[in-house]
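Written below as structure tokens is the structure these notes are about.
The values are calculated or read from the model by the stated rules, or taken from the named source; none is laboratory data. It should be emphasised that the depicted structure is a prediction, and the values quoted were computed from it without experimental measurement. Every residue, glycine among them, receives a Cβ derived from its backbone with ideal geometry; neighbour counts consider all protein chains shown. Calculation scope for accessible area: heavy atoms of the full protein, side chains included, ligands and nucleic acids excluded. Shrake-Rupley method; radii C 1.70, N 1.55, O 1.52, S 1.80 Å.
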Number of protein chains: 2
Amino acid sequence: MAVEIERKFLVVSDAWRAQAGEGVRYRQGYLTRVHGDCAARASVRVRIEGDQARLNIKSARLGIRRQEYEYAIPLDEAEEMLATLVLGALVEKTRYRVPVGKHVWEIDVFEGDNAGLVVAEIELAAEDEAFERPAWLGEEVSDDPRYYNVCLAEHPYRDW
Amino acid sequence: MAVEIERKFLVVSDAWRAQAGEGVRYRQGYLTRVHGDCAARASVRVRIEGDQARLNIKSARLGIRRQEYEYAIPLDEAEEMLATLVLGALVEKTRYRVPVGKHVWEIDVFEGDNAGLVVAEIELAAEDEAFERPAWLGEEVSDDPRYYNVCLAEHPYRDW
């Protein structure tokens, strides 16, 4: 199983929009809690991305090898689950892809309970891989768990 | 969505075995807790039935209309999830089908942490539908939540 190396940053201006493709709307929610005394051993996420729906199961255990399973499911069933079965808030965002040098940034513009939050992610092949830092890039938050999507469901940005 | 009407009984002898077909082995576990302060709004179950694996999501809310979603998943992924991600005990049993009159009983012979427990279930078209009561049939436990499979994972028979 491959290891995903992602770095996450805040975004300090809208200058990235000039290079952005069309955004894709994401709505997702979690059937499990992964924090505190009630922590499950895996998160179960329902996500609607554009008109595709998927169920995602990811081991809560951090470490080198994090198990992840993903299954396509019918859109109407995902809509029902998001409407009735999730814990915490829905995480709603539009994701834009922005090419910069030889990488593509994914910029998530959050809505709903997380409105006001904009984060940029880059996937790297190695932890020390160099990448271009555009002018709109702000502080790095890779190690701040508050920015994990599952945390944004349990403790949304507007309550920070 | 159809309403499932099932009645569940203890089994007082092995006499049913003469009429039983070949058993199918079930192993299942839950990624969620559904009781107490940690209750999720839905149970997420991984089940291996013979050589078929399925993920099942069921609303925890009781009532006339209980939502249920089921998806086939790869066997090896189900094995991994059962080995590493479930909460509580695995529920392991062999299910036998036993025709009696115009109904078919499903008899679950539990193993592992629930060894010693044998229950018989019958599915009816209406709550007051009549059915034949074979000599091996014991006390009805339809309304006793301890016998729910999800409860047998959280609080197995050997700890009763």
Considering B:96, B:71, which residue is among the hydroxyl-bearing types (Ser, Thr, Tyr), part of a strand (DSSP E or B) and in contact with a Leu (Cβ under 6 Å, 6 or more places away or on another chain)? B:71
Can you tell me which residue within the stretch A:37-69, out of those that are at the interface with chain B (Cβ under 9 Å from one of its Cβ atoms) and without any contact (Cβ under 8 Å) to a residue 12 or more places away in the chain, is surrounded by the fewest Cβ atoms within 10 Å (Cβ to Cβ)? A:37
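Please indicate, with yes or no, whether at least one residue in the stretch B:147-154 is open to solvent by less than 70 Å² (accessible area, probe 1.4 Å) and on the phi > 0 side of the Ramachandran plot.
Let us first name the residues in the stretch B:147-154 that are open to solvent by less than 70 Å² (accessible area, probe 1.4 Å), namely B:147, B:149-153.
Of the ones still in play, those that are also on the phi > 0 side of the Ramachandran plot are none.
There is no residue in the stretch B:147-154 that is open to solvent by less than 70 Å² (accessible area, probe 1.4 Å) and on the phi > 0 side of the Ramachandran plot.
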Residue pairs meeting the criteria (Cβ under 9 Å; at least 6 apart or on separate chains; first within 12 Å of chain A (Cβ to nearest Cβ) and modelled with pLDDT under 95, in the stretch B:75-93; second assigned to a helix (DSSP H, G or I) and open to solvent by 50 Å² or more (accessible area, probe 1.4 Å)): B:87/B:154; B:88/B:154
Residues that are under 15 Å from the mean Cα position of the chain (by Cα), surrounded by 11 or more Cβ atoms within 10 Å (Cβ to Cβ) and more than 18 Å from residue B:13 (Cα to Cα), drawn from the stretch B:113-144: B:113, B:123, B:142, B:144
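Which count do you get for residues in the stretch A:98-112 that are under 14 Å from the mean Cα position of the chain (by Cα) and under 25 Å from residue A:79 (Cα atoms)? Reasoning before the result, please.
Step one: of the stretch A:98-112, the residues under 14 Å from the mean Cα position of the chain (by Cα) are A:105-111.
Right, trim to under 25 Å from residue A:79 (Cα atoms) and you get A:106-111.
Matching residues across the stretch A:98-112 total 6.
Test residue B:27 against the criterion of being among the charged types (D, E, K, R) and within 14 Å of chain A (Cβ to nearest Cβ), and give yes or no. Explain how you work it out, then say what you get.
Numbers: among the charged types (D, E, K, R): yes; within 14 Å of chain A (Cβ to nearest Cβ): no.
Answer is no for this residue.
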Scope the stretch A:113-128; condition touching a residue at least 40 places away in the same chain (Cβ under 8 Å) and not β-branched (Val, Ile, Thr); matching residues: A:113, A:114, A:115, A:116, A:117, A:120, A:121, A:123, A:124, A:125, A:126, A:127
Is it fair to say residue A:72 is within 26 Å of residue A:21 (Cα to Cα), within 13 Å of another protein chain (Cβ to nearest Cβ) and surrounded by fewer than 19 Cβ atoms within 10 Å (Cβ to Cβ)? yes
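Could you go through the stretch B:104-112 and let me know if any residue there is touching a Leu at 6+ places or on another chain (Cβ under 7 Å), open to solvent by 30 Å² or more (accessible area, probe 1.4 Å), more than 13 Å from chain A (Cβ to nearest Cβ) and assigned to a helix (DSSP H, G or I).
Here is the first cut: in the stretch B:104-112, the residues touching a Leu at 6+ places or on another chain (Cβ under 7 Å) are B:110, B:112.
This time we only want the ones that are open to solvent by 30 Å² or more (accessible area, probe 1.4 Å), so: B:112.
From the residues that got through so far, the ones that are more than 13 Å from chain A (Cβ to nearest Cβ) too are B:112.
Now drop any that are not assigned to a helix (DSSP H, G or I), which leaves B:112.
Checked against the condition, which is being touching a Leu at 6+ places or on another chain (Cβ under 7 Å), open to solvent by 30 Å² or more (accessible area, probe 1.4 Å), more than 13 Å from chain A (Cβ to nearest Cβ) and assigned to a helix (DSSP H, G or I), the stretch B:104-112 yields at least one hit.
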Condition (residue is aliphatic (A, V, I, L, M) and closer than 16 Å to residue B:31 by Cα) applied to the stretch A:25-34: is it met by at least one residue? yes
Flagged in the stretch B:114-129 as at pLDDT below 95 and not in a strand (DSSP E or B), in numbering order, are B:125, B:126, B:127, B:128, B:129
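Take the stretch A:1-31 and flag every residue that is modelled with pLDDT under 90 and within 26 Å of residue B:57 (Cβ to Cβ).
So the first thing to find is which residues in the stretch A:1-31 are modelled with pLDDT under 90, and the list is A:1-6, A:21.
Within the stretch A:1-31, A:1, A:4 qualify.
Give the stretch B:75-103 a look and list any residue that's surrounded by 14 or more Cβ atoms within 10 Å (Cβ to Cβ), aliphatic (A, V, I, L, M) and farther than 25 Å from residue B:125 by Cβ, or say none. Reasoning before the result, please.
Keep residues of the stretch B:75-103 that are surrounded by 14 or more Cβ atoms within 10 Å (Cβ to Cβ), which gives B:77-82, B:85-98, B:100, B:103.
From what's left, aliphatic (A, V, I, L, M): B:78, B:81-82, B:85-87, B:89-91, B:98, B:100.
If the condition is that a residue be surrounded by 14 or more Cβ atoms within 10 Å (Cβ to Cβ), aliphatic (A, V, I, L, M) and farther than 25 Å from residue B:125 by Cβ, then B:78, B:81, B:82, B:85, B:86, B:87, B:89, B:90, B:91 are the ones that fit.
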